[in-house]
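Everything on this sheet refers to the single structure shown next.
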Amino acid sequence: MTLEALSAGKYAAYIWPAYAVSLLGFAWMIIDTLARARRWKRKADRLEGEGEP
Amino acid sequence: MFSALANPARFMAFSRWAAPILGVIAAGLIGAGLWLGLNAPPDYQQGETVKIMFIHVPAAWVAMLAYACLGGASFVSLVFRHARADAAAKAAAPLGAAFTGVALVTGSLWGRPMWGAWWVWGDARLVSVLVLFLLFLGYMALRASIDDEAKGARAAEILALVGLINLPIIKYSVEWWNTLHQGESIMRAGGPALDPVYLMPLLLAGAGYSAAFGALWLERIRAEVWRRRATSLALRVALA
């Protein structure tokens, strides 16, 4: 990517916060989704093991 | 296909590989879209702020897509009493809220330099998208506020169905009312009004955001399936 592409001129104060908010939104969605899936899978697996005779 | 995926074992087997594949596709499409978008020339009217369009518009598209999924899954759950549909509705809500939140904030960051205002209460597009955000939050709050999980799900699903009326209001708000928000420029009679130098990155980012929603939605439905399995196993262990 060229440095020219990253220079947003006088609007940089609006453009880069918008990108930061999008990045944070995606980061939250990915982390929360994966953590939730991992937590419940582990719990279900553990309980399945406990339930076995 | 949908009836096949209604089977829990088949759904878990399908989503196990579909979610990561969609995630990789999403990363590639979003990366390509933003690369082209950030290298696009400044717009003659918007200047460099056109760069915000490549993250704002796809977020708004996917916010509406997420609500359509929430409404559709709620309908199937209410009518057919299908557990997977209820899990799908529950899984779509937080993702939809996040995409709507991103669309609102990035839109505000575009509006300040272009319109001279962070927010305009008289603008039908802005207010209808805010209503969409509140519908997602309301769905989650209503579900969580009722102790009986089944009753909470039913109440929230009815709210989700009522809220579907907001989707055409968002879509046509720029035609039905005078708004500051620009009119339809992609899906309109006579073809897109955007120059290909902006249209291509926008479509790539839009497809990427949609794929990302698909990947995250599938993974959250899997988490909900495991949660329900764990809850029922915990009950069985407690009763044994």
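From its DSSP helices (H runs of at least four residues, each -39,500 (n - 2.57)), the protein assembly as shown gives a residue-normalised ellipticity at 222 nm of -28500 deg cm²/dmol. Pairing chain B with chain A buries about 3100 Å² of accessible area. This figure sums both sides and uses a 1.4 Å probe.
Here the Karplus curve 6.51 cos²θ - 1.76 cosθ + 1.60, taken at θ = phi - 60°, turns the phi angles of segment B:191-207 into couplings of x, x, 8, 7, 5, x, 5, 9, 5, 4, x, 5, 5, 4, 5, x, 5 Hz, with x standing for Gly and Pro.
When the alpha carbon coordinates of the protein assembly as shown are projected onto the principal axes, the ranges are 72, 41, 33 Å, largest first.
Of B:D123, A:D32, the residue with the largest accessible area leads and the full order is A:D32, B:D123 (1.4 Å probe). Ligands, DNA and RNA aside, A:R46 has an accessible area near 130 Å² when probed at 1.4 Å.
Normalised radius of gyration (Cα atoms, divided by 2.2 N^0.38 Å) for segment B:180-240: 2.10.
Ordered by 1.4 Å accessible area with all protein chains kept, B:E157, B:E149 run largest first as B:E149, B:E157. Ligands, DNA and RNA are left out, and with a 1.4 angstrom probe the accessible area of the protein assembly as shown is 51 Å² per residue.
How large is Rg/Rh for chain B, to two decimals, with Cα atoms and a Kirkwood Rh? Computed over Cα atoms, the ratio is 1.02.
Expressed as a whole percent, the accessible area of chain B that falls on carbon and sulfur atoms is 69 (1.4 Å probe).
Solvent exposure of A:V21, expressed as accessible area, is near 40 Å², computed with a probe of 1.4 Å over the protein chains only. Accessible surface comparison of A:S7, B:S15, B:S108, probe 1.4 Å, protein chains only, largest first: the order is A:S7, B:S108, B:S15. The apolar share of the surface of segment A:12-51, taken as the fraction of accessible area on carbon and sulfur atoms (1.4 Å probe, ligands and nucleic acids excluded), comes to 66 percent. Karplus-based coupling profile of segment B:132-146, in residue order and whole Hz: 4, 4, 5, 5, 4, 5, x, 4, 5, 5, 5, 4, 6, 7, 9, with θ = phi - 60° in 6.51 cos²θ - 1.76 cosθ + 1.60 and x standing for Gly or Pro. When the surface is traced with a 1.4 Å probe over the full set of protein chains, B:H82 keeps roughly 60 Å² accessible.
The values are calculated or read from the model by the stated rules, or taken from the named source; none is laboratory data. A quick note: this is a predicted structure, and the numbers were derived from the prediction, not measured. When the accessible area is computed, the model is the full protein with side chains, heavy atoms only, and any ligands, DNA or RNA have been set aside. Shrake-Rupley method; radii C 1.70, N 1.55, O 1.52, S 1.80 Å.
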